[in-house]
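A short worksheet on the structure shown next.
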Amino acid sequence: MQTYKKDAGWIAKYGIPLGVFLLFVISTCRAQSDQCIPTAGQFSGSLQISPGIGCLPLTIKASSSLRGVKNVRYVFEYQGGAVKETDLKRDSVYTYRKAGLYRVLQYSEQEGRQLRACAIVQVYDTLPPEVSTTSCLNHLSLTIPKAADYQYDWYEVKWGDGTSERLDGAKPFGAHAYPDDSPREITVQGVHLYGMCGGTTRLRFRPVRSSTSPVIEGVKAIGARTLEVTFTNPGANAIWLEQRVPGGIYQRSRRFDETQRAIFQLEADTTQSVCFRITLADTCLQAPPSAEVCYEPPKPPDPVPVVDSTVFLPDAFSPNADGINDRFVPKGLVGRPVRLTVFNRWGEVVFQSDDARDGWDGHQQNQPLPPGPYSYRMITEKASGERLEKRGLVLLMK
């Protein structure tokens with residue numbers, strides 16, 4: 001074990017061993033012109049790199065261990081072949097900003113002799129690991145599903161309460177229990193053995209000590225297609241808002257995390273009934289759903305009684321193309337043009353005609369309207385020329 005640590009330190013200081021270096025040279029370089037392959041009559045220099053391994057961005061310092069050397073120059077990203085004078089750098093400090101395996105070529109002179117030397121630098125990436133968590137009350141477990149992509153030797157987890165844990169690099173899994181419900185910041189760092197560095201991910205977790213059920217305080221319409229829901233969540237647990245139509249089953253519509261109270265809006269058909277409840281997202285909490293709260297559309301006002309019945313309109317119609325009562329048509333002594341205006345429950349005009357003796361088919365801009373009550377106003381003239389106006393309600397059925 002001591003020898004291993006010593007070797008690791010030597011590699012980090014001086015670069016990758018000569019054997020690995022030669023294999024790298026043989027497999028990646030062209031032997032005829034590669035300046036890193038010794039040739040007859042060529043004196044070898046001495047190149048030292050510190051550090052030889054590390055993470056982005058990696059700044060190294062190159063030097064020679066020989067005495068009396070001069071005119072020292074470097075190519076820090078040598079890829080084989082002949083070297084131009086413009087490729088050479090006299091500065092011995094260099095920073096790598098991309099991950100990879102690099103060769104450093106050194107030229108120098110000693111007592112009139114031309115010297116060459118090469119070394120390899122390993123630069124690791126620092127990708128933050130993608131962490132997946134599962135929680136239950138004050139317990140938290142985490143995994144790293146894409147561990148194989150990062151190739152870290154291990155992961156260092158700091159749980160945010162003064163404790164830490166080292167996870168296996170191939171199959172990382174960790175679990176922890178917190179003593180209280182204080183919010184925690186957790187850090188997960190991938191670590192490369194050579195270089196002792198890597199990317200870090202931070203995440204927040206709030207342990208839960210109780211499973212208090214949330215409460216829906218109210219639901220109301222604030223527009224023709226908008227409902228406003230107000231709820232409290234004393235435990236600040238992650239929750240799901242669920243909704244259903246009468247007789248249907250609940251469907252999840254929106255999730256809230258660590259929200260103690262909220263007033264929010266959602267799109268809905270306010271002419272129809274709809275019910276809401278809240279459930280805890282963490283099923284291990286074993287708390288029942290909140291009490292169901294339903295929205296009911298307001299009832300339309302009663303129609304104003306009309307004494308004159310020479311012209312009348314039906315109380316309901318069903319535009320379903322069955323040939324029976326498909327249109328809302330004025331009936332009776334209709335001899336003059338009839339001005340008919342139909343409103344929805346919000347007072348918006350959905351139909352208007354200055355001569356509606358053919359009636360209304362239950363559509364607005366060629367689109368069928370939903371079933372429900374609609375108010376109307378009819379204006380016409382009697383045969384005597386007297387103006388006749390009537391108001392009332394009609395039920396659109398399917």
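General observations
- Some residue of the stretch 379-388 being assigned to a strand (DSSP E or B) and surrounded by fewer than 14 Cβ atoms within 10 Å (Cβ to Cβ): yes
- Only one of the listed residues (VAL329, VAL334) is among the aliphatic types (A, V, I, L, M), at pLDDT 85 or above and out of contact with any Leu (no Cβ under 6 Å at 6 or more places or on another chain). That residue is VAL329.
- Residue ranges of strands (runs of 3 or more DSSP E) in the stretch 79-139 with at least 3 members aliphatic (A, V, I, L, M) and either outside the structural domain of TYR150 (by TED's automatic domain parsing) or more than 29 Å from GLU156 (Cβ to Cβ) (or both): 100-110, 113-124
- The condition (being at negative phi and modelled with pLDDT of 95 or more) is satisfied by just one residue among LEU56, LEU66, LEU105: LEU105.
- Selection within the stretch 197-222: residues that are more than 22 Å from LEU280 (Cβ to Cβ) and free of Cβ contacts under 8 Å to residues at least 60 places away in the same chain. The member of this set that is nearest to the chain's Cα centre (by Cα) is ARG202.
- Top-ranked residue of the stretch 175-185 - restricted to ones that are touching a residue at least 40 places away in the same chain (Cβ under 8 Å) and not acidic (Asp, Glu), ranked as farthest from THR163 (Cα to Cα): PRO179
- Answer residue from the stretch 345-364, given it is under 18 Å from ALA224 (Cβ atoms) and touching a residue at least 24 places away in the same chain (Cβ under 8 Å) and is surrounded by the most Cβ atoms within 10 Å (Cβ to Cβ) among those: GLY362
- For the stretch 162-181, the tally of residues that are touching a Phe, Trp or Tyr at 6+ places or on another chain (Cβ under 6 Å) and under 18 Å from GLU130 (Cα atoms) stands at 4.
The values are calculated or read from the model by the stated rules, or taken from the named source; none is laboratory data. All of these numbers come straight from a predicted model, not from anything done at the bench. Note that we place each Cβ from the backbone using ideal geometry, even for glycine, and neighbour counts take in every protein chain shown.
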